[in-house]
Structures are given as structure tokens and as C-alpha cells.
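Quick notes on the structure that follows.
The values are calculated or read from the model by the stated rules, or taken from the named source; none is laboratory data. Worth saying up front: this structure is predicted, and the values here are computed from it rather than measured. No Cβ is skipped: glycine too gets one built from the backbone with ideal geometry, and neighbour counts run over all protein chains shown. Heads up: the accessible areas ignore ligands, DNA and RNA and are worked out on the full protein's heavy atoms, side chains in. Shrake-Rupley method; radii C 1.70, N 1.55, O 1.52, S 1.80 Å.
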Amino acid sequence: MSAQTPSQLVPLARRLLIPFLIVCGVTFALAGGYGVFLSSSLALPKSDEHPPLLIYGAPFFLTPGLYPVDSGLLDHLQRLEYKPVATAPRVAGEYFATKDSIEIFLHAQEESRLPARLVRLILVNGIVTEVLSVSDGQPLSLVSLEPVLISGMRSGSRQVREWIPLDRVPSSLIKTLLIIEDRRFFSHFGVDPIAIGRALWVNVTRGVVVQGGSTLTQQLAKNLFYSPKRTLGRKLRELMAAMTLEFKYRKEEILESYLNEIYLGQAGPVSIYGVGEAAHRYFSKNLDELSIDEMALIVGLIKGPNAYSPVKSVEDATKRRNVVLRRLREEGVLTEDAMAQAMNRPVKVMLNQDVLTDAPYFVDHLLREIEQGIGMDIPDGARIYSTLDPRAQRIVAQTLQEGLTKLEKNYPALAGVEPPLQGAAVVLDVKTGHVLAMVGGRNYRLSQFNRAVQAHRSAGSLFKPFVYLAGFEAARDPGTTGLTPATLLVDEPVTLESGTGSWSPQNYDRQYRGQVTVRTALEQSLNIPAVRTAHRTGMTAFKSLLHAFGITTPLADDLSVALGSSAVSLLQITSAYAGLANGGVVIRPVALSNMVREGRETIWSPPLDRRQAATPQGAFLITSLLKGVMDRGTGAKARVFGVRGPVAGKTGTTDGYRDAWFVGYTPDIAIGVWVGFDDERPIKLTGAQAALPIWSELAVRLIPRDSQDFEMPVGVVRRRVDPKSGQLATSQCPEKTLEFFISGTEPTVYCEVHGGGFWERLKQTFGLPQ
């Protein structure tokens, strides 16, 4: 084929030029139309577009039977800024207390549409007997104080996410930002071709993406309007949006929005946006109080907010900060000496307690629960009504801190080590599953890891009640190898075939007691009878029961699970024990009551997850045994510490003395405590030594003085038995105990060890009292 001459190419070029111009015209028309659309639809946020996220505690109900002193009523009133007066209250927010009554002028409660009103609490011997309306003297029901604000404000009136005007941002911080992120910000049109070309060249020559060419305006457009997913279409839209913003707004407005909207990491599940919030969250400072090294750290976070977070890795945060400081030296902002001094300062994160709220671990858990429940970010301005009891929370936080300090004083080997001795505590409402208090560590400023929820540690002896519960439940079925509290178990050396081979469990004291009842085995937390029972009942039934009680962590496939070799969280195991207190009904723990928009429209309320995990009769029998633990067993020291009334509980000590637990309950609340080291070093203390003293102090302060006993359900009977034989006691038995049985499983044979029983049989024949 012969080559085309120039004269032949001209018509071809003309023919191609027209379609090319058409394509260009259409492209520019579409781009222009899209630009007009963006110009009308895109808008920068304003300072008043971020209403605070307000989190409230549970309401405080004023009901007959309330002990104002024990319940902390007056403290609660002061926290709500009610003022005591010397005469009858005249305006909302005042109260007048005497020996015989308390008059409170309640604030209006907008969420409940209740006006301000005056109520009178009648007191008899320090107990509220009536709640009356002062206006007409009529009794009132469901009267409560307004909920306490536990999070959402800083220093009284300033919002947590405070908008910082550009003129309040230090010039040195702005200069650092522009040097690192966009040095030609004030000269480009939203897109920086030079930066794009440089980044492209560096990435191509190095064979990996090491630089980006996005301007501040592009970053702002991406954060505000588009998903972080990296696609060519999203990148093109981002470019158009950036140019539109530059056309529509002044540079100063764009820079102010960027400084307030840029994402700068996490404090727990709480997202940090804006340099002002970062200064408060990370350093407990205002922007004008930041040093140059702290400014460098905040600017350095922009490249990787979580990768370089000082909360997650001080080492990585320090390296990134130093990169920024070197750039400032190269640009002449810092001298060599100033750079060296800044680099030599260690990164110290001081999380601001005002920002963190009174219950930082609880708030972290609450926000995580909400975000998982709604599947999206929590909207600005939402009002969150939590289950937290502010008084209980303060007591738990104080008691845990003091308890750990006391342990370090009494056992010096625990003190002055890194990482330090840690602890966690949880309080649950048995009937509702509400989390009343939660503390996940001894110092949130230093560690935001929530040991009440996120830590999974070996359960130890806390699993033993469920071993015996599985046996009690099995006893209901004819022909099964079930047991009762009076069943005799063998406490002697044994070797069993487990999932990992032969295994010879030992008791903690290396002693053997021969035959013991189930009650004695659990009260004294004996290992061998528990393992024998699990082997007898079957691991399938035992593990199924644990799952039914809310234990979702993986369980081993061998008999060691009976001794708690598998891991659980403190919240999980405390909830399981709450299920025992609630007649075998397990309610999934919740931290949220309700979340509403500013207009009172409900956004989300958690569904009630309630299930019958065991029979009321079986649960009652276990509660009876665990009451014995408190009176005669491994938890008996609680009585020495001042715990009174009907309480059930269990110690937990793991292999190697790495974890110390105590979980106990009344018919109304369940309290769980864990003590240990994060790195699982042995604390060389039992649950009774380390966790029980803290638990006991909590029980003394939180359990009402008039706490009721556990109600015996229908289908449970009582019989006097001889603990040596496990059979019905006779007049010749030297020791007799009153024992509970599921109806139909009680013993029918009189004691064959001590003999007798003639008179008992005669009384039974004629229906006489035994």
C-alpha cells in the first residue's frame, strides 16, 4: 500500500476534527452543567450546623420506699443544680428538706412534655411513704427527676465539637498545615497540577504510591460529600467539587471549614474532627496553648489518623511528628535547636476528663452499641438517654480505684510495675439488663481499652455453677444422670480422657475430701467434683447451657471448660449471673434506653433480647448454693467486710493465678469485678483475696438495706437431709441441713449412715410436721 500524500491527509483531518469538536463541546457542556449543579447543591458547613450530641443518665424515680440518704437523693439534686431553700420552694429548681418531708419544685421536662411542678415526699423514719402533688394533695405515680447530663458538654457551656473561627487558630498551626498538606493553597484553583505531577512522578519512579496530590479543598470535598472508596469516578467528582467550592467561597472560608472538619482519629469509638477537638482530646489544651511539637503531631495525623494516632502507638505518632518537624526546619520555620528541642519532647497524651465525661468507658461502649445497632454514624444533635445510674457509676469508679491502690499497698509485689495492675467492674439491673455502671480500667487517660467489654480472660471457677445447673436440669428427665444439691460426689484423684488426652485435675489446695455433696463442692469451689460432674452430665449439655446464658466467646472442646479454661468478658459473665438471679431468664445487657432527634422523634431503641435459658427451679437451686458460698464458702469474707442480706455470689481464680474474679447478685442487681494484669502476669492472689474486697465495698454501698430475698418458685420443695449421706435426715443424724430440690428429685430414703427414721416415717404417714 502506498503512503498517503499530504493532500490526501487534509480531508481526513477535517473529517476527524468535527467529531472531535462535538465530543469536546458535549464534554464541556456536561462538565459545565455538572458544575452549575454542584454550585447550587454543595455548601460548606457553618458554625451553627453542629449541635452537640447530648448523652443523659437514667432518670431518678421518686417512689414510696425510697431511702433519700442511701439513694443519694440530695446529691442527685445538687448535681442537677437544684438549690436548697429555707422555706417552701417558689420557683423551679428549688427544694426544701426537713425531717418529715422533702418538697421539690421540679424543672419542666420537655422530652416528657411535663411542666414544672411542686411535689412533696412524706418521710417516716427516713423512708419515703408517699409522693404527693402540693397543689391538690393527691398521690402521684411515676415521678422522676430529669436525667443527668453525663456527656456532651465541656467546661460547663462549650459544646464537645466546638467550631473554631479561623481568627482563633494560631498562625503557626496554619503555616504548619499548609507546608505539609498544600503549600500553594492560596494560589491554586482547587486543583494543584504541580502537586499532581510531582506525586505522579514520585509514585511512578518508586513503583509504589508514596505521595498524593490532593489539595486541602479536594480533601475537604472528599470528607464532606463523597465516600472514601477509591474509584476514578469519585476522583473526578472530587476534582469538580473542589473547583466549585473555590469558585463559590473565599479561601479563608474553605480553610476554616477544613480546620474544623478534618478527621483526626479516634478516642475509643468516638471520632475526632477538627484541630480544636484534637487539641482537647489528645492534650487537654486549647489551640493557643499548643506547643510546636503538639501542632506537628496534629498536622501529621492527617496523613493517617489511625495509623499515627498517639492513643494507639506513641512510637508511630512520634516518628510522624518528627517528619513534620524536619519539614518545618527545611522551610526555615524552625531553627536547628528549636527542631531538636521539639523532637526530644516525648509524646504525652493527656485525655481531658471534662471531655471524657464521668463515665468514659461506659460512653465508649454506649456509642459503639448505638452505631452497631443503627448501622450508621450517630446524627448531630441527637439526644441519647442511657441506662447509666450516675450515683452508682461514681461509687464504682471510686471503689475500684481505691481497691486497686489498697491491693498494691497490701501486696507490694503488685505495685510500681509496668503495665500496672488493672481492674474492671460492671453493675447490671437484673430485671431489665440495663447497664447501671461500667468501669473498664483504673485510668482512662492512660488506657482507653475497656477491660469490662473488650478483654476476654479465662473464667476460672465462675463456670462451675453452670456445670451443676446442667446436672440439675438433666435430673428432671427420667433415666438421665442428673443430680441434686444433696447428691454425693467423689473428691478423690482422678484421670479422665479429655479432648486433648488424659487429664488429672487438682484442687487448689491439693487436698481431697472424699465424698461431698454438690452444695459443699460448689461452696468450697472444689475442682475435681466439678470436672466429674461435667463428665457425667456431658459437655454438649454444659456448653449449650453456657451459650444460652449469653457466653458467645469460643469454648474449648475438652473438660477443662468446666474449670473455666475458656475466656469471657466481664460483661458477659456478669450478665449470665444476672440470668441466674432472674429465674433463668437472660436479658442481653443494653446501655441505651432511647435515642431521639431534636424534635423528639425516636431514632432507635434497642430491641429487648430476652430468653429463658434455664428453668426457674434450676436457677433457684443454683442461687441457693451461691448464697451458701457467701455464708460458708469462698465468699464468706464478704460478711466480714459488712455485706448483709440475701446475696449470692462466686469467686473465680484462673490457672496460674492470672485472673481474680468475683460476681454476685441480689434479686435486683448483679455486680461483677475482675482484677489482673493486661499482659496476663500472675497476680498470685485468689478471687477472694483480690476481687472480693472490691466487690464487697460495692455491695455495701449499692445494695439497698431492705433488699428482698429470692422468691422460691413453684416446683421447688424443701427437705432436711444429712450432708454425710445426702439422704433424708433422721433424729439420729448429728447434722441436719435444710435443702432445696426440684419437685420429683428430692430423696425418699432416710439416712442409712446413722440409721433411724421410724418416727419420721410415722409422721409422714399421718401427715404430721416433720
### Query
How many of the residues in the range 669-695 are small (Gly, Ala, Ser) and over 22 Å from the mean Cα position of the chain (by Cα)?
3
### Message
Need pairs with beta-carbon distance below 6 Å; first residue without any contact (Cβ under 8 Å) to a residue 24 or more places away in the chain and more than 21 Å from residue 339 (Cα to Cα) and within the range 278-299, second surrounded by fewer than 17 Cβ atoms within 10 Å (Cβ to Cβ) and of a type in the set (A, V, I, L, M, F, W, C); sequence gap 6+ or separate chains.
### Response
none
### Message
Kindly evaluate residue 443 against the criterion of being part of a loop (DSSP other than H, G, I, E, B), over 12 Å from the mean Cα position of the chain (by Cα) and of a type in the set (S, T, N, Q).
### Response
yes
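Is it the case that residue 493 is touching a Phe, Trp or Tyr at 6+ places or on another chain (Cβ under 8 Å), modelled with pLDDT under 95 and either open to solvent by 20 Å² or more (accessible area, probe 1.4 Å) or within 20 Å of residue 657 (Cα to Cα) (or both)? Lay out the reasoning, then the answer.
Values: touching a Phe, Trp or Tyr at 6+ places or on another chain (Cβ under 8 Å): yes; modelled with pLDDT under 95: yes; either open to solvent by 20 Å² or more (accessible area, probe 1.4 Å) or within 20 Å of residue 657 (Cα to Cα) (or both): yes.
The answer is yes for residue 493.
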### Query
Could you list, in sequence order, the residues of the range 288-319 that are part of a helix (DSSP H, G or I) and open to solvent by less than 30 Å² (accessible area, probe 1.4 Å)?
293, 294, 295, 296, 297, 298, 299, 300, 301, 317
### Message
Suppose the filter is under 25 Å from residue 737 (Cα atoms), surrounded by 24 or more Cβ atoms within 10 Å (Cβ to Cβ) and either free of Cβ contacts under 8 Å to residues at least 24 places away in the same chain or out of contact with any strand residue (DSSP E or B) (no Cβ under 6 Å at 6 or more places or on another chain) (or both); does residue 619 pass it?
### Response
yes
### Task
Could you list all residues from the range 619-645 that are modelled with pLDDT of 95 or more, within 15 Å of residue 711 (Cβ to Cβ) and small (Gly, Ala, Ser)?
619, 624
### Count of residues meeting criterion [open to solvent by less than 80 Å² (accessible area, probe 1.4 Å) and either at pLDDT 90 or above or more than 21 Å from residue 516 (Cα to Cα) (or both)] in the range 751-762
4
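Here is a yes/no grid of residues against (1) more than 26 Å from residue 312 (Cα to Cα); (2) open to solvent by 20 Å² or more (accessible area, probe 1.4 Å); (3) of a type outside the set (Ser, Thr, Tyr):
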{"site": "394", "(1), (2), (3)": "yes, yes, yes"}
{"site": "406", "(1), (2), (3)": "yes, yes, yes"}
{"site": "409", "(1), (2), (3)": "yes, yes, yes"}
{"site": "419", "(1), (2), (3)": "no, yes, yes"}
{"site": "424", "(1), (2), (3)": "no, no, yes"}
{"site": "431", "(1), (2), (3)": "yes, yes, yes"}
{"site": "442", "(1), (2), (3)": "no, yes, yes"}
{"site": "467", "(1), (2), (3)": "yes, no, yes"}
### Query
Applying the selection to the range 147-180, what residues are modelled with pLDDT of 90 or more and of a type in the set (Asp, Glu)?
167
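Provide a single number: the residues in the range 402-440 that are part of a loop (DSSP other than H, G, I, E, B) and either over 11 Å from the mean Cα position of the chain (by Cα) or aromatic (Phe, Trp, Tyr) (or both).
If we filter the range 402-440 for residues that are part of a loop (DSSP other than H, G, I, E, B), which is where we start, we get 411, 415-421, 430-433, 440.
Of the ones still in play, those that are also either over 11 Å from the mean Cα position of the chain (by Cα) or aromatic (Phe, Trp, Tyr) (or both) are 411, 415-421, 430-433.
Residues meeting the conditions: 12.
Of all residues in the range 670-691, which are of a type in the set (A, V, I, L, M) and either within 16 Å of residue 421 (Cβ to Cβ) or free of Cβ contacts under 8 Å to residues at least 12 places away in the same chain (or both)? Give the derivation first.
From the range 670-691, those of a type in the set (A, V, I, L, M) are 670-671, 673, 675, 683, 685, 688, 690-691; that's our starting set.
Correct list: 673, 675, 683, 685, 690, 691.
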## Note on the structure
The correct count of residues that are closer than 18 Å to residue 414 by Cβ and either assigned to a strand (DSSP E or B) or at pLDDT below 95 (or both) in the range 658-672 is 4
### Summary
Within the range 547-600, the residues that are over 21 Å from the mean Cα position of the chain (by Cα) and either among the basic types (Lys, Arg) or within 22 Å of residue 647 (Cα to Cα) (or both) are 580, 581, 582, 583, 584, 585, 597, 600
